[in-house]
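Let me begin by presenting the structure, written as C-alpha cells, before commenting on it.
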Amino acid sequence: MRVIDLSVPVEPSPSEPVPVEIDFVSHADGADILGKPAGLDRTAFPNQMAVSLEHVRLTSHTGTHVDAPAHYGPICAGERARTIDELPLEWFVGPGVLLDLDTGSEDVVSVAEVEAELQRIGHQLSPGDIVLINTGADARWGSPSYFTDFRGVGRDATAYLVERGVKVIGIDSFGFDAPFHRMLRDYTEGGGPAALWPAHLYGREREYCQIERLTNLTGIGRSTGFTVVCLPVKLAGAGAGWCRAVAIVDEQDCP
Ligand SMILES: [Zn+2]
C-alpha cells in the first residue's frame with residue numbers, strides 16, 4: 001500500500017490571507033506548566049524537560065480543508081444545512097477519480113471539460129466517487145499569487161458532478177470558485193449576484209462538500225484505481241474542518 005499526501009502544511013504562509021499563528025511551548029516551558037499545580041517546576045523533570053505544546057490561531061478554512069453545506073448558507077434543499085461534524089463519514093472515504101484540467105486556461109472548469117476528461121480516462125461516475133481536480137494551482141503555494149491566480153470550478157460543472165452522486169469534490173487551488181477579483185469583474189459587468197461564489201452557492205440547492213487547497217495530485221500517478229481518505233476534523237457546529245487528505249494505492253498496482 002502506498003499513501004500519497006495531498007495536503008498542504010498548516011503554517012504561516014504568504015498564501016494564507018488570514019494569518020496563521022502557532023505558538024510553540026518548549027519541553028522546558030511545558031515542564032513548568034505541567035508541574036505548576038503540584039508546586040513543581042522544570043527542575044523536577046528528567047533533563048529539566050516535560051512535554052511540548054502548541055497554541056494555534058487559524059480559521060476553519062486554513063490549509064487543506066473540507067467545506068460543509070453549512071458554509072454555503074443556513075439552508076440546503078429546504079432543510080437546515082449540515083455542519084462539518086454532522087456529515088456521514090462514508091462521504092470522505094471512497095474511490096478517487098482524478099481529472100487533469102491543468103490546461104493553462106484562466107476560465108472556470110466547464111461541463112464540457114469534465115465530460116471530455118471523463119471520456120479520456122474511460123470512467124463513468126458512480127455515487128460515492130470522490131472527484132479530485134488538478135489545475136496546477138498548487139505550484140503557487142508559498143506565494144501571494146496562490147490567493148489570486150487559479151481557475152476554479154463553474155456552477156454547471158459542480159452541478160454535473162453532484163447530480164451524478166458525487167458528494168465530495170476536491171481542488172488544488174486556494175478556492176473552489178474563481179478568484180475574488182474575477183467574480184467581482186463578472187458581477188460588475190452585469191453578472192449580478194449569480195456571479196458571486198456560484199459553485200459554493202449551488203450547495204444551497206444540493207448537499208456537497210468541497211476540499212480546497214489540495215496539493216500533489218499529479219503524485220497519485222493514475223486517474224482511477226485509488227482510494228481517497230479526507231476525513232474532516234470534527235469541529236462542532238462549524239462550516240468546515242481541516243483534513244489530512246491522502247490517496248491510497250494498492251501495492252500490486254504500484255509501478
Ligand atoms: Zn473553504
>> Looking at Gly78, Gly96 in this structure, which one is touching a Phe, Trp or Tyr at 6+ places or on another chain (Cβ under 6 Å), more than 16 Å from the ligand (Cβ to nearest atom), assigned by TED's automatic domain parsing to the domain that holds Val246 and not basic (Lys, Arg)?
In response: Gly96
> Do you know which of the residues in region 49-75 that are free of Cβ contacts under 8 Å to residues at least 60 places away in the same chain and of a type in the set (D, E, K, R) is farthest from the ligand (Cβ to nearest atom)?
Replying inline: Glu54
>> Can you tell me which of (1) within 16 Å of the ligand (Cβ to nearest atom); (2) under 23 Å from Cys209 (Cα atoms); (3) not assigned by TED's automatic domain parsing to the domain that holds Gly225 is the one Ser13 doesn't meet?
In response: (2)
> Is it true that Gly136 is farther than 18 Å from Ser15 by Cβ and in contact (Cβ under 8 Å) with a residue 12 or more places away in the chain?
Replying inline: no
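So is Arg185 more than 16 Å from the ligand (Cβ to nearest atom), over 22 Å from Glu86 (Cα atoms) and among the basic types (Lys, Arg) or not?
Criteria met by Arg185.
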> Among the residues of region 213-255, how many are small (Gly, Ala, Ser), part of a strand (DSSP E or B) and more than 16 Å from the ligand (Cβ to nearest atom)?
Replying inline: 1
>> I'd like the full set of residues that are part of a strand (DSSP E or B), surrounded by fewer than 16 Cβ atoms within 10 Å (Cβ to Cβ) and touching a residue at least 40 places away in the same chain (Cβ under 8 Å), limited to region 5-31.
In response: Asp5
> Are any of the residues in region 185-205 among the hydroxyl-bearing types (Ser, Thr, Tyr), touching a residue at least 40 places away in the same chain (Cβ under 8 Å) and part of a loop (DSSP other than H, G, I, E, B)?
Replying inline: no
>> Based on this model, can you work out whether Val233 counts as buried (at least 24 other Cβ atoms within 10 Å of the Cβ) and either in contact (Cβ under 8 Å) with a residue 12 or more places away in the chain or of a type in the set (A, V, I, L, M) (or both)?
In response: no
> Can you tell me which of Ala77, Ala50 is out of contact with any helix residue (DSSP H, G or I) (no Cβ under 6 Å at 6 or more places or on another chain) and farther than 23 Å from Val10 by Cα?
Replying inline: Ala77
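The values are calculated or read from the model by the stated rules, or taken from the named source; none is laboratory data. These numbers come from a predicted model, not from an experiment. Glycine gets a Cβ as well: all are built from the backbone with ideal geometry, and neighbour counts include every protein chain shown.
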